[in-house]
Amino acid sequence: MALSERGLVTPTVSLASLLEGTRPAIAGSANVSLAAYAEEIVRSGFPGMRHLRGRASRAQLEGWLERVVDRDFADQGRPVRRPRALRAWLTAYAAATSTSATFEGIRDAATPGEHDKPAKQTAIAYRDVLSQLWVLDPVPGWLPSGNQLTRLSVAPKHHLADPALAARLLGLDESALLSGASAGPSIPRDGTQLGALFESLVTLSARVYAQAAEASLQHLRTSGGEHEIDLIVQRADQRVVALEVKLAASVVEADVRHLHWLQNRIGSDLLDAAVITTGSHAYRRPDGIAVIPAALLGP
């Protein structure tokens with residue numbers, strides 16, 4: 001379930017309206033705290049688990065993950081000889097949430113200091129089967145059809161089907177996330193794991209809204225990492241809406257510089273741009289960029 005389906009508040013900003021390119025007025029307020037977003041991360045969007053809390057919720061998520069390792073791989077004709085190695089790889093993937101870490105880096109992070117690492121083909125098999133099962137749900141790199149942008153990375157941004165699965169694999173509950181705790185294998189990243197999982201929660205929701213609008217979801221990163229935009233929502237005609245995700249209640253100039261860069265590069269092909277936040281009010285900045293609390297964004 002996307003955030004708009006979870007009943008936190010009634011969304012006031014439609015992604016479909018942003019995709020129309022008319023730069024609609026942005027308004028609305030939401031009394032959704034950072035703690036509430038952390039709770040949504042660990043609670044999951046699985047409808048059958050929404051009524052559960054605490055230990056019961058964690059047990060259900062753990063059971064779901066165990067079934068993937070113990071049963072679903074075999075059902076796909078790929079029985080797992082070393083379940084602990086698969087679980088370690090999946091935990092490293094969870095630690096890589098919202099990054100574009102290489103799969104070699106994920107494999108190495110899953111087996112630090114070990115010489116007997118899974119073979120490269122084994123790790124590829126993990127990735128392929130987990131993708132077929134929709135456990136992994138990465139966001140591909142954006143490659144526009146025009147020549148306005150060059151030297152873009154095609155590496156995907158890593159996401160599990162639900163950020164609650166990543167939190168469970170890493171052993172992080174709501175209080176640990178809010179405290180800034182980090183857990184699991186070491187994967188280079190900017191910011192905290194709460195920030196990464198908040199981005200994953202927004203990505204889950206934006207993917208649903210984009211599909212409803214017959215649009216696709218990608219991310220942008222230049223090859224050298226000079227410019228990054230978390231989410232690019234692309235219409236069939238290749239024109240886009242750009243979304244930055246920030247674990248902050250307010251927006252500063254540094255938060256919009258990549259959006260301004262993209263506007264300068266692709267001009268009218270950028271239909272709209274927004275920063276998705278943990279704040280309480282939706283509005284447009286004087287420069288035209290929208291600021292939208294995550295709970296207020298809907299289809």
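The values are calculated or read from the model by the stated rules, or taken from the named source; none is laboratory data. This structure is a prediction, so every number in the text was calculated from the model and none was measured. Cβ coordinates were reconstructed from backbone atoms using ideal geometry, including for glycine residues, and neighbour counts include every protein chain displayed.
Observations on the structure shown:
- Looking only at the range 61-107, residues that are farther than 24 Å from residue 48 by Cα and touching a Lys or Arg at 6+ places or on another chain (Cβ under 7 Å) come to 6 in all.
- Filter result for residue 274 (assigned to a strand (DSSP E or B), among the aliphatic types (A, V, I, L, M), crowded, with 21+ Cβ neighbours inside 10 Å and touching a residue at least 24 places away in the same chain (Cβ under 8 Å)): yes
- Residue satisfying all of: in the range 122-142; surrounded by fewer than 16 Cβ atoms within 10 Å (Cβ to Cβ) and in contact (Cβ under 8 Å) with a residue 60 or more places away in the chain; nearest to the chain's Cα centre (by Cα) among these: 140
- For the range 12-35, filtering for residues that are of a type outside the set (Ser, Thr, Tyr) and free of Cβ contacts under 8 Å to residues at least 40 places away in the same chain leaves 1.
- Residue among 212, 294 that alone is more than 17 Å from residue 34 (Cβ to Cβ), aliphatic (A, V, I, L, M) and either modelled with pLDDT of 95 or more or surrounded by fewer than 18 Cβ atoms within 10 Å (Cβ to Cβ) (or both): 212
- Qualifying residue in the range 195-207 (condition: assigned to a loop (DSSP other than H, G, I, E, B) and either over 28 Å from residue 298 (Cα atoms) or touching a residue at least 12 places away in the same chain (Cβ under 8 Å) (or both)): no
- Filter pass, residue 38 being touching an Asp or Glu at 6+ places or on another chain (Cβ under 6 Å), modelled with pLDDT of 95 or more and at negative phi: yes
- Residue satisfying all of: in the range 243-271; assigned to a loop (DSSP other than H, G, I, E, B) and not aliphatic (A, V, I, L, M); modelled with the lowest pLDDT among these: 250
- In summary, helices (runs of 4 or more DSSP H) completely within the range 88-185 and bearing 2 or more residues that are modelled with pLDDT under 90 and touching a Pro at 6+ places or on another chain (Cβ under 8 Å) occur at 103-110.
- Test: residue 225 is small (Gly, Ala, Ser), surrounded by 19 or more Cβ atoms within 10 Å (Cβ to Cβ) and part of a loop (DSSP other than H, G, I, E, B): no
- If you check 119, 101, 95, 110 for being hydrophobic (A, V, I, L, M, F, W, C) and loosely packed, with under 15 Cβ neighbours inside 10 Å, only one passes: 119.
- Just one of the listed residues (202, 251, 240, 233) is crowded, with 23+ Cβ neighbours inside 10 Å and over 16 Å from the mean Cα position of the chain (by Cα), namely 240.
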